[in-house]
Every structure is written in C-alpha cells, then in structure tokens.
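Step one of this worksheet: look at the structure below.
Where a number appears in this text, it was derived from the coordinates with a stated rule and is not lab data. Because the structure is predicted, anything quoted here is derived from the model rather than measured. Here the Cβ is made from the backbone with ideal geometry for all residues, glycine too, and neighbour counts use every protein chain on show.
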C-alpha cells in the first residue's frame, strides 16, 4: 500500500515541475519572502496543490500576516494537509504537506496572536499552490 494517493518516480516529478517548483515541493525548499505570486493577492477562489491538484485552502481562510508568504488560518478541509514535525535548521517547526501527494507546502505556526479563529498561521509557499479563481 502506498503512503499517498498520488505517487510518482522522482524522474516524473522533475519532468512535470519547473526546477523551482521541484526544489520547494519535492525537496522541502522555501521560496524567497515577498516574491511569491500569491503573497498579496486578494482574488477569491480555491488554492490547490501545484503538484497534484488537490484542493488545500480557500481565499476565505487567507489573511494578511505580513510575513512574506501567503498565510491561511485553516486548510479547506481537515484532511487536505498533513502536519509533520520538522527539526531541520536547528529549529522545531511543524511542516505542512499535501496529504494527497506528500509535497511540501510550508509550515504552520501557533500562538502568534493573529486575530484569526484558530490562532494558527499556515505559512505556505506560493510556488506550492495554484489559485483557481471563483467564477462570477
């Protein structure tokens, strides 16, 4: 049994993703702050995983955190993402991955005092997402 619904050989991921997308999604990289496509967007819609198309977040949960990456206070559905302990770079953080394909999305932080219903900040790389704007 596979760990994820969508699994592909590394060569296929490399062929389907740009080098920058691959570095973030498949190698847990981070795009530069304040340079991502969706950092400041106010467009209404659904944010999906750029690697597999799974719906992850909506514009209803997006908020301005001024951290340099798109921020959400909750995923679209509780099962849309998986949270994994991350002890890289000498820190203890919680990594956020797409639960459908295991791609790295970013990290989630708690207790930072943001005025959101969950007091969580899902700090997500724009390059990990694709926005499908609302129609109408």
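What strands (runs of 3 or more DSSP E), lying completely within region 42-86, carry at least 1 residues that are closer than 15 Å to residue 110 by Cβ? Give the steps one after another, and end with the answer.
Working: elements: 45-49, 55-58, 81-86.
Output list reads 81-86.
Going through region 87-136 one residue at a time, which ones are surrounded by 13 or more Cβ atoms within 10 Å (Cβ to Cβ) and in a helix (DSSP H, G or I)? Result: 126, 127, 128.
Of the residues screened, residue 82 is not one that is in contact with a helix residue (DSSP H, G or I) (Cβ under 9 Å, 6 or more places away or on another chain) and without any contact (Cβ under 8 Å) to a residue 40 or more places away in the chain. Within region 9-24, count every residue that is surrounded by 15 or more Cβ atoms within 10 Å (Cβ to Cβ), out of contact with any strand residue (DSSP E or B) (no Cβ under 7 Å at 6 or more places or on another chain) and either in contact (Cβ under 8 Å) with a residue 40 or more places away in the chain or in a helix (DSSP H, G or I) (or both). Total meeting the criteria: 4.
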